[in-house]
1. Report the Cα-based extents of the chain along its three principal axes, largest first, to the nearest Å.
2. Rounded to the nearest 500, what is the chain's calculated 222 nm mean residue ellipticity when only DSSP H runs of at least 4 contribute -39500 (n - 2.57) each, over all residues?
3. Only sites in a loop by DSSP and with at most 12 other Cβ atoms within 10 Å count here; which GluC sites (Glu not before Pro) in segment 34-103 make the cut?
4. Once label points are set 7 Å from the Cα along Cα→Cβ at both Val169 and Asp96, what is their separation, rounded to one decimal in nm?
5. Please give, to one decimal in nm, the separation of the simple spin-label points placed at Ala25 and Ala76, each 7 Å out from Cα toward the Cβ.
6. Among His185, Tyr135, Val121, whose Cα lies farthest out toward the positive end of the dipole of segment 66-201, if unit charges sit on the beta carbon of Lys, Arg (+1) and Asp, Glu (-1)?
7. Counting Lys and Arg as +1 and Asp and Glu as -1, each charge on the Cβ, what is the dipole of segment 3-196 about the Cα centre in debye, to the nearest 20?
8. Please report the antiparallel percentage of DSSP beta bridges with both residues in segment 3-196, rounded to the nearest 5.
Amino acid sequence: MSHWDERYAQAGYWYGEAPNDFLRAVAGRLAPGADVLSIGEGEGRNGVYLATLGHRVTGVDASALGLAKAQALAVARGVVIDVVEASLETFDLGVDRWDGIVSIWCHLPTALRRDVHARVVRALKPGGLVMLEAYRPEQLEYGTGGPSDPSMLYRLDDLRRDFTGLDIVHGVEIVREVHEGVGHHGLSAVVQLVARKPAPG
């Protein structure tokens, strides 16, 4: 059983059932009825929230147990989301496919992060948005959530390079309170990004 399956096998929702605060704040930027991909979707709280707003949501995650919980949460909320059990190393994001791609606490090793983010750029439709929140290396001083490996923590400059070709709508490094289940709880050093794929011409 993987680390994530072990975590999601526990009773309840490790990161809670409410959506990420940052996602809730920026979701209004999506056009009505958008096709949205959520990478590292886990137990479904973010994808289900977007579905309650009327978006068509696909959540991808490597944990079958997490995605089963995501489906259960969708049923409880009276919405439908598609889920795909897959590794981001091999998952085909498509080309010009999505109106929005959401990455909330989806921390990846450096080489894979660069590869996935490059594929995110290609996978967005013109006008499409990437919406991302992640922990920064300074988060290790707070110890309130996130990876313990500093190479899996992100800086805004890294993300600007990763998403070359997109227009940065919002990009900040801040310290804020994060309270999400038992997994994230307390003052946290985060990076937030919203970027848009420009239309041709």
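1. 51, 40, 30
2. Using -39500 (n - 2.57) per qualifying helix, the result is -8000 deg cm²/dmol.
3. Glu89
4. A separation of 2.0 nm, rounded to one decimal place.
5. 2.6 nm
6. Val121
7. It works out to roughly 500 debye.
8. 50 percent
Computed from the coordinates by the stated procedures, all read-outs in this text should not be read as laboratory data. Keep in mind it's a predicted model, so treat the numbers as computed, not measured. Every residue, glycine as well, gets a Cβ built from its backbone with ideal geometry; the counts of neighbours run over all protein chains shown.
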